Amino acid sequence: MLNSVGQRARSFFSLCPTSSRTCKLPRARCLSPCSTIRRGYANVANTAGKPVTKQKPYYVTSPIFYVNAAPHAGHLYTLLLTDILKRWQLLKGNQNATLLTGTDEHGMKIQKAAEKAKTDTKAFCDQHARQFQSLAERANVKYDRFIRTTDEDHKAAVEHFWRELNHRGYIYESKHEGWYSVSDETFYPESQVHLILDPSTGRKLQASIETGKEVEWTSETNYHFRLSVFKDKLLQHYHDHPEFIVPRTRMNFIVKEVESGLSDLSISRPSSRLTWGIPVPGDDSQTIYVWLDALINYITMAGYPFASKEAAEALWPPDCQVIGKDIVRFHCIYWPAFLMALDLPVTKQFLTHAHWTMNREKMSKSVGNVVNPFYAMDRFGVDVIRYYMAHDGGIVDDADYDNGYIVDRYKKGLHGGLGNLVSRVVRGKKWNVRESVELMSNKGEKNSNEMLETSRKHTTHLKRVPAQVQKSMDELNPRQALHIIMDLVYSTNKYFQESAPWDMAAFPDDKVQKELKRIIYLTAESIRIVAILLQPFMPEKAAQALDLLGVDPAWRRFMYTAYGADIKYGSPRIDVGKAGSAGTLFPPLASEF
Ligand code: MSP
């Protein structure tokens, strides 16, 4: 039952909806039966399971994956970006940062795939959902819930959402004729399809111009959502929130789309065609459209339907939703319109990314040109694949996946770059990192005027990096952030090599010995800062580097990336071993592949 705070909050914060129009009476004064129905649904408990705190946790989501086939590297990419954003928040000290991922299990596409596999549909979903969950676990994705659209609380959330839209007068029934793509789970108007010759079968078929996926003609009566009435509200929202969709190119695309006009959206299919889905409340001759069902998953996690105003604000709305460029329209037009229709806050930002291709063609299960992400991680290691995908993966432009590039990036950035640097510093026989840190923890020494010009330049660069990385991450550009971190690795290697501290060791001169310690300190400090910043990208390798350097686990947050912020480190926490031994951060590759 609604508690009194919740009831009061509702009456103050919303107008009462009726089934045919938006009623102008405050809910408290409205006598329409819809408030009773609403109360009934509000009984569904807050399933977020999160304590209601004042400061809303950072909430980030990945798309939920279709379970019609096994995961591929493109899916892993979208998951990794989501995980990097969450781990970045943890690094900054936002310990309640929350990540949602899961599977999209209803709809014609899944129904047909299960039929083809001659498997019971739910068993088919269970099998594939497990694979996506294993992918998240194998890739070290720190998710808080793996949601499935077949989960009971999600079904209840969808039913409630539908009823709310209906009671506010946003749903009507009418005949729909048009082209439907099962693969895209989308209706296309005549202007967006064309006749093509399927190269593999020689068959002529109608296909979507945008995605190339086959469409079939359908004529049916179904329910529609009044999307068209949201045109101005959406445009206003885009105008007021220029960072709503990142990158800017996709924001511009969406604005143009909406400016050119919105048609109402078909949001159900006849149950005679589509059985695998959630029946329309009160009309089981219709099944809810899979995209409406799927999008609601994000708010199911937040405990929708909300029992109180406090519960409504505990997690909702998402701070960032990560999506591929192929699903921008659904997320950045339909989804905010659905939320606006119910006066629910909309997502703060979308990070939209480009695709991975193979030989310049989109990696996709239906084309069959996919990379198995489990094999890739077995072959190169989890953190190496995380690094490669974040480093090379496209935000604006597509990226071509190639094992040759993985080998190149490994050799340059990891084995030859960071790994080599760590090994030379922590295993060096002619110096001691701890002694250097101790000496340089003295302010006078750290800022001494006698410092070599190369050391001064390196210090300046080092001091700037954390803020630059933070800026890129705030702009939702993890790729750029990683490039900035790696530039510091390369410049530190250069500084170390050119400074040649090994040649200084033999000189007893006090000044030379101090400069030697400064070089070791600056190099160690660079590694420390790099490794702290790398934690969202390569959690295990970064932790190993910090262990080798002897950084206390409690001192690995972003606040410690300030130059000189840690004066305790320098004594390894793990055996540094010999070069090439098991403890080596990035050993040489066994073969060149
Ligand atoms: N089920 C919908 C999403 C519903 S969210 C409410 C869906 N599923 S999907 O499995 O086809 O795709 C999931 C995500 O993987 C999307 O963000 C999509 O862009 C991404 N990718 C699929 N293929 C990809 C590449 N080749 N490269 C990068 N990302 C790719 O869409």
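Where a ≥ b ≥ c are the square roots of the eigenvalues of the C-alpha gyration tensor, would you call the range 5-353 rounded, which needs a/c under 1.5, or, failing that, prolate if a/b is larger than b/c, or oblate? Kindly include the intermediate steps, with their values, before the conclusion.
Working: a/c = 1.44, a/b = 1.16, b/c = 1.24.
Because its axes are fairly even, with a/c under 1.5, the range 5-353 counts as rounded.
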- What dipole magnitude, in Debye to the nearest 20, does the range 230-329 give about its Cα centre under +1 on Lys/Arg Cβ and -1 on Asp/Glu Cβ? 340 debye
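Length gain on complete extension for the stretch SER272 to LYS309, per 0.36 nm per residue less the alpha carbon to alpha carbon distance?
Value of the extension gain: 9.4 nm.
Can you give the calculated 222 nm mean residue ellipticity of the chain, where each DSSP H run of n ≥ 4 adds -39,500 (n - 2.57) and the sum is split over every residue, rounded to the nearest 500 deg cm²/dmol? It would help to have the intermediate numbers written out before the result.
Numbers: 23 runs with 255 residues, N = 593.
Only helices count here, giving -13000 deg cm²/dmol.
So how do 295-308, 265-278 stack up, highest first, on mean other-Cβ count within 10 Å?
Numbers: 295-308: 24.5, 265-278: 19.7.
Packing proxy ranking, top to bottom: 295-308, 265-278.
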- Item | Cα gyration tensor category, rounded, prolate or oblate, for the range 488-593 with a/c compared to 1.5 | oblate
- Query: Counting only protein heavy atoms, what percent of the accessible surface of the range 538-589 is carbon or sulfur at a 1.4 Å probe?
  - Reply: 57 percent
- Taking only C-alpha pairs under 8 Å that are 6+ residues apart, what is the relative contact order of the chain in percent? 15 percent
- Item | Relative contact order (%) - the range 133-256, alpha-carbon pairs under 8 angstrom, separation at least six | 20 percent
- Query: Based on the Cα atoms of the chain, what semi-axes does the equivalent ellipsoid have, where each is the square root of 5 times one gyration tensor eigenvalue, given in whole Å with the largest first?
  - Reply: 51, 28, 20
- Item | Positive minus negative residues near ASP400 (Lys, Arg vs Asp, Glu; Cβ under 11 Å) | -3
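Could you tell me what percent of the accessible area of the range 160-253 is made up of carbon and sulfur, with a 1.4 Å probe and every protein chain present?
On the way: 2500 of 4810 Å².
Carbon and sulfur together cover 52 percent of it.
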- Item | Added length on full extension, which subtracts the Cα-Cα distance from 0.36 nm per residue, ASP575 to SER366 | 70.4 nm
- Item | Peptide ranges 215-226, 567-578 listed from the most packed, as the mean C-beta count within 10 angstrom indicates | 215-226, 567-578
- Does the range 250-340 classify as rounded, prolate or oblate by the C-alpha gyration tensor (a ≥ b ≥ c root eigenvalues; a/c under 1.5 gives rounded; else a/b over b/c gives prolate, otherwise oblate)? oblate
- Query: Arranged from highest to lowest average of other beta-carbon atoms within 10 Å per residue, in what order do the peptides 424-436, 350-362, 497-509 appear?
  - Reply: 350-362, 424-436, 497-509
- What is the extension gain from LYS411 to ALA500, computed as 0.36 nm multiplied by their sequence separation minus the C-alpha to C-alpha distance, in nm to one decimal? 29.8 nm
- Item | Separation in nanometres of the label points that stand 7 Å from Cα toward Cβ, at GLU173 and GLN131 | 3.9 nm
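In debye to the nearest 20, how big a dipole does the range 152-234 give about its Cα centre with +1 on each Lys and Arg Cβ and -1 on each Asp and Glu Cβ? Numbers along the way, then the final one.
On the way: 10 positive and 15 negative charges, 54 e Å.
It comes to approximately 260 debye.
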- Item | Label-point separation, ASP510 to THR221 (7 Å along Cα→Cβ), nm | 9.8 nm
- Query: In nm, to one decimal, how far is the GLU435 label point from the ARG456 one, both placed 7 Å along Cα→Cβ?
  - Reply: 2.7 nm
- Query: Measuring with a 1.4 Å probe in the full set of protein chains, what accessible area per residue, in whole Å², belongs to the range 403-561?
  - Reply: 43 Å²
- Item | Sulfur and carbon atoms: percent of accessible area, the range 317-439 [1.4 Å] | 48 percent
- Message: Under the rule of at least 5 residues apart or a separate chain, name every residue whose amide H is placed under 5 Å from the amide H of THR357.
- Response: MET363, ALA399, ASP400, TYR401
- Note on the structure: the range 5-353 accessible area per residue, 1.4 Å probe, protein heavy atoms, integer Å², reads 41 Å²
- Query: To the nearest Å, what is the center-to-center distance of the range 230-288 and the range 146-178, using C-alpha atoms only?
  - Reply: 13 Å
- Query: Based on the Cβ-Cβ distance of ASN403 and THR201, what FRET efficiency does E = 1/(1 + (r/R0)^6) give at R0 = 30 Å, to the nearest 0.05?
  - Reply: 0.45
- Pull up all non-local amide H partners of ARG145: gap of 5 or more, or a different chain, and H-to-H distance under 5 Å with H placed in the peptide plane. LEU99, THR101
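The values are calculated or read from the model by the stated rules, or taken from the named source; none is laboratory data. Please read these numbers as outputs of a predicted model, since none were measured by experiment. Don't worry about glycine lacking a Cβ; one is built from the backbone with ideal geometry, like all the others, and counts go over all protein chains shown. For the accessible areas, the whole protein counts, side chains as well, though only heavy atoms, and no ligand, DNA or RNA atoms are used. Shrake-Rupley method; radii C 1.70, N 1.55, O 1.52, S 1.80 Å.
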